[in-house]
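The values are calculated or read from the model by the stated rules, or taken from the named source; none is laboratory data. Bear in mind that the values here come from a model prediction, so they are computed numbers and not experimental data. Methodologically, a virtual Cβ is constructed for each residue, glycine included, from the backbone with ideal geometry; neighbour enumeration extends over all protein chains shown.
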Amino acid sequence: MSACGCDSGSDRLMPFAEALKTLLTSAQCIEETEILLLDQANGRVLAEPVISKISVPPAANSAMDGYAVNIESLSEGLCLPVSQRIPAGQQGEALQPGTAARIFTGSEIPPGANAVVMQERCIRQGDKVTFEGVPEAGANIRPAGQDVLPGTCVAEKGARLDSRHQGVIASVGVNRLKVYRRLRVEIITTGDELVMPGEPCAAGQIYNSNYFILRGMLETLGCEVIFTGIIGDTLAGTRDALSLAAERADLVLSSGGVSVGEEDYVKAAVESLGELDLWRLAIKPGKPLAYGRIGQVPFMGLPGNPAAVLVTFLMIARPYLLSMQGCNAVEPPCFPVKSGFKRDKAIPRDEFLRASLEWSEGQLYAAPIHSQSSGVLSSSVMAQGFLRIPAQQKVCEHDLLPFYPFDGLLS
C-alpha cells in the first residue's frame, strides 16, 4: 500500500473523476428498441416511461382480518349483529345501519363502513360481535389509490428493470414494455501467453481469466457478448480482429496490449483503423486504459493484469456501458465507511483497495485484503468491495472513505 516507482510522472495522468466525466459525456445511447412482455424484461432498460391508467388499490380495502363497521353505530353500543361476510375477491353489499360485516385482508370496504376493527379486538358469539372499543374513522382501511394514482409514472425512461419495477408495473396492469435492445459487445483478449481453461498450459503460459471476468460482468449488465478467441501478439492479427469486431459490435472491449511495450499492438492497431485517446489514468490499479473509436464504433482497452481489469471495468467501463444502454443511473454506487487502518504516505493516484467490512464496537470498518497487487485476483473473492483512497490523501484510523460494494457493482 506504499507509494512505488510506477507513480512517477503521475502529474501527466488524467484524474479518475475527470476521465469518468469525459467518458460519460461521449457515450451515445443506442436508438433501437423492442417490445417485450413484462416477464421477459428483467435487467432491460426502459425506452419510455410506464404511466398508470388505474388506481392501486382500485377501491378502499381492509388492511386486517376483522369487522367493517360504521363508528356511529358503535356509539350506541359495542355489540352489533353481523349482517354479511366479505371474502377477498368479492364485492360486498352496502353495510346495513347498526350492523357489522365480517371482512378479510384485501377485501373491499362495503359502502357505509368507515373503519375496520381487527379480529383480535372482537369477541364473536353466534351472529353477533362485541368490540373492545370504538375505533377512529378510517382505522385499518387502505384508501383507493393509496399506492398509485392514475397518471402516476411508476417506472421512468432509463430505468434498468429489476423485480421491484416488474412488481409495480404488474400492479397497474401493464404487460408489454418498450425497451432498448441489448448492447452487443465484443471481447478481445490479447497475448501469446494466454490459453483457455481446459487446454494444456505450457511453460510461460497462463490461463485466460480476463475473458471470464469481462464476460460475466457484461452478461450481468444484459449485454450480448461476442468472442472469437485469443488474439496473438502481432500487429496484423490484432488489426484484423479489431476491424471484424467493429463490423458486428456496438462496443469493442479489449484487455491487454494498450501499454507502450514492444509487444503491445492494440494501440497501433486502433490508431490505424480510427482514432485513439490513450488515457493514462491516475488510478491504482489500472493506469493504462485506452478509449477511442474504430471507424464509428467506440473502443475501450483495459489493462492486462486481472485485478486492474476488475477495477477499470467496474469503475470506468460499467458506467459507460450503462450510458450506452440508456440508463439514467450509471455512476458506481458507494457509501462512506470508517477506515480500519492507517497509511502515512499519500500517492498521486486514486487507489481502489480490495477491502472487507468488519463490525467493531457497533461501528462498521473497512480493511484491505492481504495483497493489493494488480496481478492478484484471488483477493477480490475475499473482499466485499473497493475502498477508495483519494489521490494525495494520507489515511488515519477512523477516517471516512468511500466504499463501493460488489453487491451493487456486480448486479
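Below, the figures for the structure above:
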read-out: Number of the condition not met by residue 223 [criteria: (1) over 14 Å from residue 304 (Cβ atoms); (2) surrounded by fewer than 21 Cβ atoms within 10 Å (Cβ to Cβ); (3) touching a residue at least 60 places away in the same chain (Cβ under 8 Å)]; value: (2)
read-out: Residue within the stretch 46-61 that is modelled with pLDDT under 95 and either in contact with a Ser or Thr (Cβ under 7 Å, 6 or more places away or on another chain) or not in a helix (DSSP H, G or I) (or both) present; value: no
read-out: Tabulated pairs, the stretch 355-373, first closer than 28 Å to residue 285 by Cβ, second basic (Lys, Arg) and in a strand (DSSP E or B), C-beta under 8 angstrom, 6+ apart or interchain; value: 364/338; 365/338; 366/338; 368/354; 369/354; 372/354
read-out: Residue in the stretch 324-360 that is farthest from residue 157 (Cα to Cα), counting only those that are surrounded by 15 or more Cβ atoms within 10 Å (Cβ to Cβ) and hydroxyl-bearing (Ser, Thr, Tyr); value: 339
read-out: Criterion: at pLDDT below 95, under 20 Å from residue 29 (Cα atoms) and under 23 Å from the mean Cα position of the chain (by Cα) - qualifying residue of 329, 317; value: 329
read-out: Test result for residue 126, over 17 Å from residue 90 (Cβ atoms), without any contact (Cβ under 8 Å) to a residue 24 or more places away in the chain and assigned by TED's automatic domain parsing to the domain that holds residue 79; value: yes
read-out: Residue list for the stretch 387-409, restricted to those being crowded, with 16+ Cβ neighbours inside 10 Å and among the aliphatic types (A, V, I, L, M); value: 387, 389, 391, 395, 401, 409
read-out: Cβ-Cβ under 8 Å pairs, at least 6 apart or on other chains, the stretch 70-82 side farther than 12 Å from residue 133 by Cβ, far side polar (S, T, N, Q) and assigned to a loop (DSSP other than H, G, I, E, B); value: 70/114; 73/99; 80/99; 81/99; 82/99
read-out: For residue 133: the one exception among (1) surrounded by fewer than 20 Cβ atoms within 10 Å (Cβ to Cβ); (2) at pLDDT 95 or above; value: (2)
read-out: Selection count where residues are closer than 22 Å to residue 16 by Cα, in contact with a Leu (Cβ under 9 Å, 6 or more places away or on another chain) and of a type in the set (Ser, Thr, Tyr), scope the stretch 356-393; value: 1
read-out: Residue that is surrounded by the most Cβ atoms within 10 Å (Cβ to Cβ), among those in the stretch 166-216 that are without any contact (Cβ under 8 Å) to a residue 12 or more places away in the chain and farther than 21 Å from residue 227 by Cα; value: 167
read-out: Qualifying positions in the stretch 9-28 - touching a helix residue (DSSP H, G or I) at 6+ places or on another chain (Cβ under 6 Å) and not in a helix (DSSP H, G or I); value: 27
read-out: Which listed residue, of 276, 251, 242, is at pLDDT below 90, outside the structural domain of residue 42 (by TED's automatic domain parsing), closer than 14 Å to residue 300 by Cα and not acidic (Asp, Glu); value: 276
read-out: Candidates 330, 252 - the one that is hydrophobic (A, V, I, L, M, F, W, C) and part of a loop (DSSP other than H, G, I, E, B); value: 330
